[in-house]
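To start, the structure itself, in structure tokens.
The values are calculated or read from the model by the stated rules, or taken from the named source; none is laboratory data. On a predicted model such as this, the values are computed, not experimentally measured, just so you know. Every residue, glycine among them, receives a Cβ derived from its backbone with ideal geometry; neighbour counts consider all protein chains shown.
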């Protein structure tokens, strides 16, 4: 049923390298992906797709010149045409700065991240499993929307400087939103590399429970509130903070809050944030798109700034070694951590809520965008589960609100994180994160 | 190697696309034969090729040239009223048959959770083609010419004292799209997109201001040729844009308060996109995006009754207008492009739809079902969403405005999941006092509620100010699809709008 993407054929990579024009070097990156998405809306399958995708990046280098050509085929003729196109582009370029030398393969860690059962899971099995989500929504007189995506991906990196690496992985991403006709809605999600790790019924029950509790929302005055942010709300904040601060590019530019403060206390004692691409559930790889072996990196340790992540370009600028965080060629964004793990606290989320006299419980943030990137200030709205906390208990739903906050300042004000953590997937990054308590979180208006 | 293998190689190079029609018929014959089974009510095949070249430069030097060719095919099947879709970039008879069987198997799986069968609004089968009108094929312009233009523009901006960086880019894309359906449609479209822009940042490290031209977020793009780049005159505008960035750096923060606001066309374009286009996507209205990009405050029972905007506001969706990122001949249902009213004199009268969603309100498709290439299913998307021009010249509109703010060039945006309330930041604001533009302000923000805001519109500039503003990164769907749209806009005036500085500290005089 599924396209055979078990691994990248090394002979195909060698065949491409054998086409390297005289006096040139060639670097190849290949991603071969088979994904199956079953999408629900109004409690029926609204879209159901099975897609084989193949992307081939060719970086042709000569002296101080390089260019990138992307194609979606490993067939000889398209590859020949693409290399010819790259050669024509090289001929138009003037001399540039010296290129970073290609380096031969280094030993990479082994990660057991390919699950044959997940790879073989059929659309029929997905439909049957999602029937349980529909049944749970029906019990609550709710409709359910969402998507279950199973992906099998093979990655290959090779270059004429002696690099040849391949690896394969599977992943499963589930997201469900239950809603009733009044507009009350609740959301939950799960992520892992094995279908056996995903409890669809549990996700549906949490989404349905939030939807039911979201009925009859009251409108609160905008202003500062103590909030308990669940992982669906902490995750986007952490990810945007990583875009702004945990990568080599903003660190080298001096715009990262980490710049000039490594070794200093920058966040509360209880915050330790690591990037751990070697945990198979985090969606990482044993090597990056430059072939550099991946390894865990401690970003924040007990509140102290420790390190940022690098690819070979930013590492060269900073005078250090790459940490194995090169993104796909041509991304233009620079490295950032894609497998962040925040250490847990010692108190359950329920106990954190019990300790709050007046506050809000936030399930999820939506449509986050920058207000002032230099101050890590962002805006967005709550969504699919926004509740009031009174005297240590969740007492009812409130209407969604817009917030404007500095991520850094909010994290600095945080007083605790929960002992439970969840896997959260967003924009191709995975995070394992607890809930977080933040006093005086600023809401500016009622959103919907 | 069979015929289809040979065909696949040709598809990798659009220089050979004139030969594709017969080959596409071969692909179609294999695919449709594989899905033509009992219970299959409809099927279609799409073969698309994207050729793309982007050139970028900063501070007078080339940053890079990137090229991409992307060819693949998708097969969509409607089995007993349930959809299935499969796609691949790998060709060959066996792969086409595998993909076709996969599409059918997926549709059968969908049928397991079907409650009411999908119905499609009627359309006649079409055999036709469409090609973007253009004057200069952007791929024919020598790369050194494109590089020189960008290096000149960024050098002129970067050499001003106080400028941190100047960057510019040019993008050229050719989409060759072929469509065949079980009911006999055969459509070929060649759509050429071209655009670019310049962005200049003044200041140091964390104290910076940016001005962009002709628009932000990568510039402005549309259907057409390299003439679009020449008309922009990036080198000729570079110094002015850099000077504006420097002015912004020393400008005071935008005052807070309720103001009469004139939105420049580029910002108004994004306002239309976010607060009219998205809420009126009919699949979103029915809940297709409830788990991802959200739902809508609008509903079909409000057709003809919802006062969405003031009575001078009329909005249409119109892919037949040339020059937009949403200009095409047919959507990916094979429905011929047509102009459809969305808002007439302030009243909601239509939605953006495809054949499936249109049938649910007893309407014909508005030809807005679009897929972001071969690997995606078509979903309801904007094409060119156009606020029809009014009667004012911009000079007269400014002269008619005693006190207010002129806001230009989007910097940041956010809108809730039902599209009821929004927050937009712009790169710059200018004071309007006594009917004239005056003081420049930094960090302007305006907020509002969609229906309330559009009912505050009391003047729209005339067609001499009209422009289609391109949005090349509109995201929607699971798996996520990023597609090109345009919004047609002239500057327009809105009364009593909440404005502040994103720093949020300044107190202004208010007005209007």
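Would you kindly identify the strands (runs of 3 or more DSSP E) lying entirely within the range B:378-460 that contain at least 1 residues that are modelled with pLDDT of 95 or more, within 10 Å of chain A (Cβ to nearest Cβ) and under 30 Å from residue B:347 (Cβ atoms)?
On the way: elements: B:384-387, B:403-415, B:421-433, B:436-442, B:444-449, B:457-460.
Because the criterion is at least 1 residues that are modelled with pLDDT of 95 or more, within 10 Å of chain A (Cβ to nearest Cβ) and under 30 Å from residue B:347 (Cβ atoms), the strands (runs of 3 or more DSSP E) in the range B:378-460 that meet it are B:403-415, B:421-433, B:444-449.
Could you say whether any residue in the range A:107-125 is within 10 Å of chain B (Cβ to nearest Cβ), free of Cβ contacts under 8 Å to residues at least 40 places away in the same chain and within 28 Å of the chain's Cα centre (by Cα)? Explain how you work it out, then say what you get.
Initial filter on the range A:107-125 (within 10 Å of chain B (Cβ to nearest Cβ)): A:122-125.
Then keep just the ones that are free of Cβ contacts under 8 Å to residues at least 40 places away in the same chain; that gives A:124-125.
Retained after the next criterion (residues that are within 28 Å of the chain's Cα centre (by Cα)): A:124-125.
Yes: one or more hits.
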Flag if residue A:149 is assigned to a strand (DSSP E or B), within 11 Å of another protein chain (Cβ to nearest Cβ) and surrounded by fewer than 23 Cβ atoms within 10 Å (Cβ to Cβ): yes
Subset of the range B:354-373 that is surrounded by fewer than 24 Cβ atoms within 10 Å (Cβ to Cβ) and over 19 Å from residue B:287 (Cα atoms) - its residue that is nearest to the chain's Cα centre (by Cα): B:372
Top-ranked residue of the range A:83-99 - restricted to ones that are more than 7 Å from chain B (Cβ to nearest Cβ) and assigned to a helix (DSSP H, G or I), ranked as surrounded by the fewest Cβ atoms within 10 Å (Cβ to Cβ): A:91
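Among the residues in the range A:62-82, are any assigned by TED's automatic domain parsing to the domain that holds residue A:17, without any contact (Cβ under 8 Å) to a residue 24 or more places away in the chain, loosely packed, with under 14 Cβ neighbours inside 10 Å and closer than 18 Å to residue A:26 by Cα?
Within the range A:62-82, the first condition is being assigned by TED's automatic domain parsing to the domain that holds residue A:17, and the residues that meet it are A:62-82.
From what's left, without any contact (Cβ under 8 Å) to a residue 24 or more places away in the chain: A:69, A:71-73, A:75, A:77-78, A:81.
Of the ones still in play, those that are also loosely packed, with under 14 Cβ neighbours inside 10 Å are none.
Looking through the range A:62-82, none of the residues is assigned by TED's automatic domain parsing to the domain that holds residue A:17, without any contact (Cβ under 8 Å) to a residue 24 or more places away in the chain, loosely packed, with under 14 Cβ neighbours inside 10 Å and closer than 18 Å to residue A:26 by Cα.
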Qualifying residues in the range B:215-236 (those that are more than 20 Å from residue B:327 (Cα to Cα) and touching a residue at least 40 places away in the same chain (Cβ under 8 Å)) - the one surrounded by the most Cβ atoms within 10 Å (Cβ to Cβ): B:234
Of all residues in the range B:83-99 being crowded, with 24+ Cβ neighbours inside 10 Å and more than 7 Å from chain A (Cβ to nearest Cβ), the one that is nearest to residue B:379 (Cα to Cα): B:99
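I'm checking my understanding of the structure. Among residues of the range B:180-189 that are out of contact with any helix residue (DSSP H, G or I) (no Cβ under 9 Å at 6 or more places or on another chain) and in a strand (DSSP E or B), which one is surrounded by the most Cβ atoms within 10 Å (Cβ to Cβ)?
So, considering only residues that are out of contact with any helix residue (DSSP H, G or I) (no Cβ under 9 Å at 6 or more places or on another chain) and in a strand (DSSP E or B), the one surrounded by the most Cβ atoms within 10 Å (Cβ to Cβ) is B:187.
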Sole residue being on the phi < 0 side of the Ramachandran plot, out of contact with any helix residue (DSSP H, G or I) (no Cβ under 6 Å at 6 or more places or on another chain) and in a loop (DSSP other than H, G, I, E, B), chosen from B:478, B:500: B:478
Residues located in the range B:190-208, provided they are in a strand (DSSP E or B) and modelled with pLDDT under 95: B:203, B:204, B:207, B:208
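Yes or no: the range B:105-123 includes at least one residue that is away from chain A (no Cβ under 14 Å) and part of a strand (DSSP E or B). It would help to see each step written out before you state the result.
Quick first cut of the range B:105-123, residues away from chain A (no Cβ under 14 Å) only: B:120-123.
Remaining after also requiring part of a strand (DSSP E or B): none.
Looking for residues that are away from chain A (no Cβ under 14 Å) and part of a strand (DSSP E or B), one finds none in the range B:105-123, hence no.
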Which numbered condition residue B:145 misses (of (1) buried (at least 19 other Cβ atoms within 10 Å of the Cβ); (2) part of a helix (DSSP H, G or I)): (1)
So residue B:270, is it in the same structural domain as residue B:390 (by TED's automatic domain parsing) and within 14 Å of the chain's Cα centre (by Cα): yes
Total residues in the range A:70-81, condition more than 7 Å from chain B (Cβ to nearest Cβ) and in a helix (DSSP H, G or I): 3
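Select, from A:54, A:130, A:102, the only residue that is in contact (Cβ under 8 Å) with a residue 40 or more places away in the chain and either at the interface with chain B (Cβ under 9 Å from one of its Cβ atoms) or assigned to a strand (DSSP E or B) (or both). Please lay out each step first, then the result.
Numbers: A:54 fails: in contact (Cβ under 8 Å) with a residue 40 or more places away in the chain; A:102 fails: either at the interface with chain B (Cβ under 9 Å from one of its Cβ atoms) or assigned to a strand (DSSP E or B) (or both).
From the options A:54, A:130, A:102, the qualifying one is A:130.
Sort out which residues of the range A:428-448 are assigned to a loop (DSSP other than H, G, I, E, B) and under 19 Å from the mean Cα position of the chain (by Cα), and write them in order of number.
Restricting attention to the range A:428-448, the residues satisfying the condition of being assigned to a loop (DSSP other than H, G, I, E, B) are A:428, A:447-448.
Result: A:428, single match.
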Odd one out for residue A:206 among (1) within 27 Å of residue A:441 (Cα to Cα); (2) away from chain B (no Cβ under 12 Å); (3) touching a residue at least 60 places away in the same chain (Cβ under 8 Å): (3)
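Taking the residues in the range B:345-363 that are in contact with a helix residue (DSSP H, G or I) (Cβ under 6 Å, 6 or more places away or on another chain) and assigned to a loop (DSSP other than H, G, I, E, B) as candidates, determine which candidate is farthest from residue B:305 (Cα to Cα).
Within the range B:345-363, the subset in contact with a helix residue (DSSP H, G or I) (Cβ under 6 Å, 6 or more places away or on another chain) is B:348, B:351-353, B:357, B:361.
If we keep only those that are assigned to a loop (DSSP other than H, G, I, E, B) as well, we get B:351, B:353, B:361.
On the way: B:351: 14, B:353: 19, B:361: 15 Å.
Here the answer is B:353.
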Among (1) away from every other protein chain (no Cβ under 14 Å); (2) in contact (Cβ under 8 Å) with a residue 12 or more places away in the chain - the single one residue A:199 does not satisfy: (2)
Only listed residue being touching a strand residue (DSSP E or B) at 6+ places or on another chain (Cβ under 9 Å), within 23 Å of residue A:247 (Cα to Cα) and not in a helix (DSSP H, G or I), chosen from A:402, A:388, A:425, A:421: A:425
All positions within the range B:271-315 that are buried (at least 21 other Cβ atoms within 10 Å of the Cβ), within 13 Å of chain A (Cβ to nearest Cβ) and in a helix (DSSP H, G or I): B:274, B:275, B:278, B:279, B:282, B:283, B:284, B:285
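Return the only residue of B:91, B:73 being farther than 18 Å from residue B:331 by Cα and in contact with a strand residue (DSSP E or B) (Cβ under 9 Å, 6 or more places away or on another chain).
Values: B:73 fails: farther than 18 Å from residue B:331 by Cα.
After ruling out the rest, the residue left standing is B:91.
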The lone exception for residue B:345 - which of (1) closer than 30 Å to residue B:477 by Cα; (2) in contact (Cβ under 8 Å) with a residue 24 or more places away in the chain it fails: (1)
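Being part of a strand (DSSP E or B) and in contact with a helix residue (DSSP H, G or I) (Cβ under 6 Å, 6 or more places away or on another chain) is the filter; apply it to the range A:358-376 and report the residue that is surrounded by the most Cβ atoms within 10 Å (Cβ to Cβ).
Our first condition is that a residue be part of a strand (DSSP E or B); within the range A:358-376, this holds for A:358-362, A:365-372.
Still in the running and in contact with a helix residue (DSSP H, G or I) (Cβ under 6 Å, 6 or more places away or on another chain): A:362, A:365, A:368.
Numbers: A:362: 27, A:365: 21, A:368: 18.
Step by step, filter the range A:358-376, then rank; the result is A:362.
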